[in-house]
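For reference, the structure is listed below as structure tokens.
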């Protein structure tokens, strides 16, 4: 498994596979802002909207590949607020079902953390679906659970809670 940054010049060619991974995540019940049914057009449009940030350097997208097939992805997004130059957010950690339970998510998060350190970020924040395996995964990576916001977002079973996480980073 190779984890690397996805460059702006190659981005458009990767959008269909990224769309497939997003659709797969939603269909398998991941709480990633979208609901089923999710069309290829909507999924691919989401990824195309990330290109300006990638081109500007405010977003870094990592992909994990095996045999030239993208298995998973994650976004590092610089905090927009002028008073938060030390902080970045994690978004859309997604691993296709064909590659889950193989450490792909961990590899992607390790790459994101290293890049955050290289960019002199000292704080990583994000939210994720509350309770269960997702919380255990992020806690296992050293993230601190701040708490839950009840009834934050819908999925096919109704409203669910979100968990807020952070991790302080040491400089490179």
Per-residue ellipticity at 222 nm for the chain, helices alone: DSSP H runs ≥ 4 residues times -39500 (n - 2.57), over residue total, nearest 500 deg cm²/dmol?
-> -10500 deg cm²/dmol
Going from the fewest other Cβ atoms within 10 Å to the most, one would list 101, 78, 4 as 101, 4, 78
Which entry in (i) 43; (ii) 58; (iii) 48 is this structure's computed percent of Cα pairs over 21 Å apart?
-> (iii)
Percent antiparallel among DSSP beta bridges confined to the stretch 2-168, nearest 5, equals 90
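FYI, it's all coordinate maths here, none of it is from the lab. In this text, all values refer to a predicted model and were calculated from it rather than measured experimentally. Positions of Cβ are backbone-derived with ideal geometry, glycine not excepted, and every protein chain shown enters the neighbour counts.
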